[in-house]
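The values are calculated or read from the model by the stated rules, or taken from the named source; none is laboratory data. Just so it is clear, the model here is predicted, and its values are computed rather than measured. Cβ sites come from the backbone with ideal geometry, for glycine too, and all protein chains shown count toward neighbours. Protein only, heavy atoms only, side chains kept; ligands, DNA and RNA dropped before computing areas. Shrake-Rupley method; radii C 1.70, N 1.55, O 1.52, S 1.80 Å.
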Amino acid sequence: MGLSVRAVFFDLDNTLIDTAGASRKGMLEVIKLLQSKYHYKEEAEIICDKVQVKLSKECFRSSNICITDQRTSHWEEAIQETKGGAANRELAEECYFLWKSTRLQHMTLAEDVKAMLTELRKDVCLLLLTNGDRQTQREKIEACACQSYFDAIVVGGEQKEEKPAPSIFYYCCDLLGVQPGDCVMVGDTLETDIQGGLNAGLRATVWINKNGIMPLKSSPMPHYILSSVLELPALLQNIDCKVSMSV
């Protein structure tokens, strides 16, 4: 392509892989387990809904507990809140590991995404920049076997600060030997991916808005909005044309 953009930073979850969909499939397997083996009827879905809420409120940085213990506790609490009685750690572990293993099985890079990354990497450096607990994110990276498509991989949980802090973006730039103005950030989350790219002064931010949702007026405004990450190569050509014309 001969682009003047020198590097593209990609978010992982719900940008390159369908983490939300994989998680839903994991929850469905747990519901089946609870209903068939333990005869929890309507309680099974209530328990999974409670766990989903607990997952959405996680803040692993403020806790010294390991992610396995923390997430097993989510299941233990949800079961006890729903069913009452004594805590059942054994059942909680069974639910957690079934959810986790099913989720990881469904975290895959689609063939068209692989092809896009392969082609892009012929012209620009590619870096994976993902927030989250070190163990959890490394397991996802391993599961989807994406390492070979990137020049570098940066996990927020391994750094002093995560997206949207500018420092992690500058660290990524240093890894690749590029300037912020050479880089594009691509992700699905306005508050971390887009705000972070804006904070760091990147060339452009690209919001992957698969569901066509309307952002709040107070939300960070991306430079570009795409409905699919597969539209990115054409957009990069467009960014390059605009830069050439302005020069």
* Evaluation of Ala78 against (1) closer than 30 Å to Gly156 by Cα; (2) surrounded by fewer than 21 Cβ atoms within 10 Å (Cβ to Cβ); (3) of a type in the set (Gly, Ala, Ser) (one fails), failing number -> (2)
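Let's see how each residue does on (1) surrounded by fewer than 16 Cβ atoms within 10 Å (Cβ to Cβ); (2) in the same structural domain as Ser101 (by the TED database); (3) in a helix (DSSP H, G or I):
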residue	(1), (2), (3)
Gly132	no, no, no
Arg138	no, no, yes
Ile141	no, no, yes
Ser148	yes, no, yes
* Keeping to region 47-75, report how many residues are over 20 Å from Thr136 (Cα atoms) and either in contact with a strand residue (DSSP E or B) (Cβ under 9 Å, 6 or more places away or on another chain) or exposed (fewer than 14 other Cβ atoms within 10 Å of the Cβ) (or both). => 1
* Examine region 33-42 for a residue that is touching a residue at least 60 places away in the same chain (Cβ under 8 Å) and surrounded by fewer than 18 Cβ atoms within 10 Å (Cβ to Cβ), and state whether such a residue exists. => yes
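Only one of these is under 28 Å from Leu127 (Cβ atoms) and open to solvent by 30 Å² or more (accessible area, probe 1.4 Å): Ser23, Ser4. Name it.
Of Ser23, Ser4, the one residue that is under 28 Å from Leu127 (Cβ atoms) and open to solvent by 30 Å² or more (accessible area, probe 1.4 Å) is Ser4.
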* Taking into account only those residues within region 82-108 that are in contact with a Cys (Cβ under 9 Å, 6 or more places away or on another chain) and buried (at least 18 other Cβ atoms within 10 Å of the Cβ), which is farthest from Phe169 (Cα to Cα)? -> Cys95
* So Asp13 fits all but one of (1) touching a residue at least 24 places away in the same chain (Cβ under 8 Å); (2) charged (D, E, K, R); (3) open to solvent by 80 Å² or more (accessible area, probe 1.4 Å); what number is the exception? -> (3)
* Regarding Ile153, is this residue open to solvent by less than 10 Å² (accessible area, probe 1.4 Å) and either in a helix (DSSP H, G or I) or touching a helix residue (DSSP H, G or I) at 6+ places or on another chain (Cβ under 9 Å) (or both)? -> no
* Asked: In this structure, does Lys217 turn out to be more than 15 Å from Phe9 (Cα to Cα), open to solvent by 10 Å² or more (accessible area, probe 1.4 Å), among the basic types (Lys, Arg) and touching a residue at least 12 places away in the same chain (Cβ under 8 Å)?
  -> no
* **Pairs with Cβ under 8 Å, 6+ apart, first in region 222-234 and in the same structural domain as Asp188 (by the TED database), second open to solvent by 40 Å² or more (accessible area, probe 1.4 Å) and part of a helix (DSSP H, G or I)** => Leu230/Asp112; Pro233/Glu119
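Yes or no, residue by residue, for (1) open to solvent by 10 Å² or more (accessible area, probe 1.4 Å); (2) not hydroxyl-bearing (Ser, Thr, Tyr):
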{"site": "Tyr171", "(1), (2)": "yes, no"}
{"site": "Asp174", "(1), (2)": "yes, yes"}
{"site": "Asp188", "(1), (2)": "yes, yes"}
{"site": "Ile194", "(1), (2)": "no, yes"}
{"site": "Gly197", "(1), (2)": "no, yes"}
{"site": "Gly201", "(1), (2)": "yes, yes"}
{"site": "Thr205", "(1), (2)": "no, no"}
